[in-house]
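This report concerns only the one structure given below.
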Amino acid sequence: MRMALCNEVLAGMPLQRQCELAASLGYDGLEIAPFTLSETPQMIPTAEAAKIRATVEAAGLVVTGLHWLLVKPDGLSLTDPDATVRARTLEVMTHLTGLCAELGGAVLVHGSPKQRQIAPGDSHAVALARLKDALAQVALAAARVGVTYCIEPLSRKETALINTVAEAAELVRAIDHPNLRTMIDCSAAGLTETLPVPALIDEWLPTGLIAHLQVNDPNRRGPGQGKMKFAPIIAALRRRNYAGTIAVEPFDYSPDGAGVAAFSAGYLRGLIEASS
């Protein structure tokens, strides 16, 4: 297992400093939110991507992947009734698969709840069909560059589309493409799933549909900063021979970004070492 830090936690710092701090705390990599790199991340040229990758790797880290994909540019939506908006969003998604590959990443995590809402007057079925169509197309783009695209189940507080691993798995199976998978976000799972996260891991990891894990508490702070117990989660990952990345993705930075990054790293590293 590799331990990555979602880089928006340190987004007030220059990228080089983010990398140096993350490396000093014991992280293996960064999971990058594209909006932290540019207002138009889909337009980052190959030469600039190479510089970003070199900055990360100079600190002894790797880019593990991308997440929070559709914050920038503004006006994106996969479920908008306007076909032009949907086409523009799919174009951005396609370019981001290429950016992920150029940065050395392996996985894109599609959360972006505001860009997958059910539009007023539309039904759940219509919105889901639009999401399905876009994911089927982006899976082809992901295959062309050798990355995996994951649809992320999110809590019902954030979106009405794809709230559980079972719903995500049903969608992934319907599209049936090897470069499209799903993942588990511990915070969302703790708010929405009927099973605890270790049981979800035991049920779904053997299916091959889970390609990633993000660790955070349902209170939106870092792992170990709330009531969720992460030792059983790490034990379940060990039990199921998980060899992917676990990415620290808090939303409430307490006491601050650097502080939660440090606490999470120490807490998780201790659990990982104790489980080996």
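Full extension from A199 to T40: what is 0.36 nm times the residue separation minus their Cα-Cα distance, to one decimal in nm? List each step's numbers first, then the result.
On the way: separation 159, 0.36 × 159 = 57.24 nm, distance 3.92 nm.
Length difference between fully extended and current span is 53.3 nm.
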**OP:** Give me K51, K227 ranked fewest to most by other Cβ atoms within 10 Å of their Cβ, as a rough exposure proxy.
**Re:** K227, K51
**OP:** Return the Cα extents of the chain along principal axes one, two and three, sorted largest first, each rounded to a whole Å.
**Re:** 48, 45, 32
**OP:** Quick one: order F263, F251 by neighbouring beta-carbon count within 10 Å, fewest to most.
**Re:** F251, F263
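Kyte-Doolittle cut-off 0.0, length cut-off 20 Å along the helix's own axis using Cα: show which whole DSSP H helices in the chain pass. If you can, show how the numbers build up before the last one.
Values: long enough: 83-102 (29 Å, 0.36); 124-145 (32 Å, 0.95); 257-275 (27 Å, 0.82).
Helices meeting the criterion: 83-102, 124-145, 257-275.
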Original post:
Got a sec? Charge dipole of the chain, +1 on Cβ for Lys and Arg, -1 for Asp and Glu; which of A59, P73, A211 is way out at the positive end?
Top reply: A211
**OP:** For A143, put the label point 7 Å out on the Cα→Cβ axis and report which residues of the range 155-191 keep their amide N under 11 Å from it.
**Re:** 176-180
**OP:** Give me the lysines in straight-line cross-link reach of K132: C-alpha distance below 30 Å, same-chain residues under 8 apart excluded.
**Re:** K72, K114, K157
**OP:** Among the aspartates and glutamates, select those whose C-alpha is under 14 Å from the C-alpha of K51, and discard any that sit fewer than 8 residues away in the same chain.
**Re:** E102
Subject >> R53/E170 FRET efficiency (R0 30 Å; Cβ-Cβ; nearest 0.05) >> reply: 0.30
Original post:
What does the helix-only formula give at 222 nm for the chain: each DSSP H stretch with n ≥ 4 adding -39500 (n - 2.57), the total divided by the residues, and the result rounded to the nearest 500 deg cm²/dmol?
Top reply: -14000 deg cm²/dmol
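Can you classify the range 1-85 as rounded, prolate or oblate using the Cα gyration tensor, where a ≥ b ≥ c are the square roots of its eigenvalues, rounded means a/c under 1.5, and otherwise it's prolate if a/b beats b/c and oblate if not? Kindly include the intermediate steps, with their values, before the conclusion.
On the way: a/c = 2.50, a/b = 1.96, b/c = 1.28.
Prolate, because a/c is 1.5 or more and a/b exceeds b/c.
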Original post:
What's the center-to-center distance, using Cα atoms, between the range 141-208 and the range 77-91 in Å?
Top reply: 22
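Can you tally the net charge around A119? Count Lys and Arg as +1, Asp and Glu as -1, for every other residue whose Cβ sits under 10 Å from the Cβ of A119.
Values: positive: R130; negative: D80, D82, D122.
That sum, taken over residues with Cβ under 10 Å, equals -2.
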Subject >> Formal net charge of residues neighbouring A4 (Cβ-Cβ distance under 10 Å; K, R +1; D, E -1) >> reply: -2
Subject >> Packing-based exposure ordering (other Cβ within 10 Å, fewest first) of M13, M93, M43 >> reply: M43, M13, M93
Original post:
For the charge dipole of the range 207-276, defined by +1 on Lys and Arg C-beta atoms and -1 on Asp and Glu C-beta atoms about the Cα centroid, which residue among F263, Y253, A231 has the Cα displaced farthest towards the positive pole?
Top reply: A231
**OP:** Please go through the range 150-198 and write out the trypsin sites (Lys or Arg not before Pro) that DSSP classes as loop and that have at most 15 other C-beta atoms within 10 Å.
**Re:** R156, K157
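Here, each number is a calculation from the coordinates, and none is a lab measurement. The shown structure was predicted, so the numbers you read here are calculated from the model rather than taken from an experiment. Here Cβ is always computed from backbone atoms with ideal geometry, including for glycine, and neighbour counts include all displayed protein chains.
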